[in-house]
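Chemist: Please see the structure below; I have some questions.
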């Protein structure tokens with residue numbers, strides 16, 4: 001039986017991970033859960049799965065949850081609590097499903113504790129890929145990707161010589177506004193942006209999908225996960241989201257991974273690897289779907305993706321700045337402070353004012369991150 005801790009258990013990936021576990025209780029045991037401020041939901045989760053430790057964002061939330069949790073469940077809070085769930089619980093696998101760069105310290109703590117990582121927090125590698133991957137190598141820790149695109153590439157590369165990779169291609173749905181021109185994006189609402197045609201995801205990642213920032217973060221993540229250059233990474237729009245990504249090899253053979261757009265499949269694969277277990281998902285019927293469509297990426301239509309490639313190639317602190325500015329811009333859009341197109345304007349401004357420098361530890365990363373957030377708030 002594999003023991004699982006989930007960082008971000010009340011979010012989209014976290015709840016779907018628990019759904020997988022609930023369908024296979026003889027194979028998995030939940031030992032740790034962390035959430036932000038969703039007290040009611042984590043109480044419900046704790047009653048069902050009976051973890052040994054639960055963490056919430058604040059002491060007030062922890063105090064509110066404590067009387068309603070199962071007997072013997074330890075309650076912690078804050079950054080220290082998050083790290084304790086990641087590293088201190090008796091977990092074999094830690095699923096890092098917290099949105100944003102705040103998942104980085106806990107992920108590193110889990111790696112230092114020798115835990116296998118189920119990585120759903122792409123910002124961890126965008127912000128500190130050089131630190132995370134080197135730490136995992138030193139500790140002999142496996143990192144299994146949970147993003148559907150990276151899981152697809154991981155599956156395509158099973159048994160293959162990494163030196164034979166010619167190109168990896170990430171597929172993109174195109175997001176909520178894939179059929180709109182740039183002129184038609186003026187004045188779009190938050191509700192429209194959150195109406196993703198294919199996937200059920202959290203608010204932040206859904207907005208990132210519409211701006212194509214999400215794909216940009218995935219490009220940077222792919223560079224670190226698969227040790228390829230940015231020249232070996234391509235992006236193509238695939239509206240149906242059936243091919244989740246594919247790999248071309250030196251002999252021009254192409255291997256792709258297909259399936260219905262359901263995050264429970266890559267979650268299950270990360271939990272069960274190297275085995276494949278049944279999932280509570282629908283089967284793929286290509287005859288019923290009929291046809292699959294593809295479009296070349298238009299970097300003028302999606303300037304945030306172009307900017308992500310530029311930051312990735314520049315390296316050093318540039319991806320950290322890109323990610324931090326985007327988190328602030330998306331939060332401002334969701335609160336109605338700025339327009340949808342202002343997101344990319346803020347990113348261009350913040351990245352344009354930054355001079356990339358080496359960042360070799362968490363303190364340096366935190367300082368650069370804070371600088372970018374402060375500027376993104378003021379633009």
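Per-residue answers, yes or no, for (1) surrounded by fewer than 22 Cβ atoms within 10 Å (Cβ to Cβ); (2) on the phi > 0 side of the Ramachandran plot; (3) assigned by TED's automatic domain parsing to the domain that holds residue 134; (4) not in a helix (DSSP H, G or I):
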site: 277; (1), (2), (3), (4): yes, no, no, yes
site: 283; (1), (2), (3), (4): yes, no, no, yes
site: 322; (1), (2), (3), (4): no, no, no, no
site: 349; (1), (2), (3), (4): yes, no, no, no
site: 364; (1), (2), (3), (4): yes, no, no, no
site: 367; (1), (2), (3), (4): yes, no, no, no
site: 372; (1), (2), (3), (4): no, no, no, no
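Chemist: Look at region 16-34 and say how many of its residues are touching a residue at least 24 places away in the same chain (Cβ under 8 Å) and out of contact with any strand residue (DSSP E or B) (no Cβ under 6 Å at 6 or more places or on another chain).
Modeler: Summing the residues that are touching a residue at least 24 places away in the same chain (Cβ under 8 Å) and out of contact with any strand residue (DSSP E or B) (no Cβ under 6 Å at 6 or more places or on another chain) in region 16-34 gives 9.
The values are calculated or read from the model by the stated rules, or taken from the named source; none is laboratory data. Quantities reported herein were computed from a predicted structural model and do not represent experimental measurements. Reconstructed Cβ throughout: ideal geometry from the backbone, glycine too, with neighbour counts over all protein chains shown.
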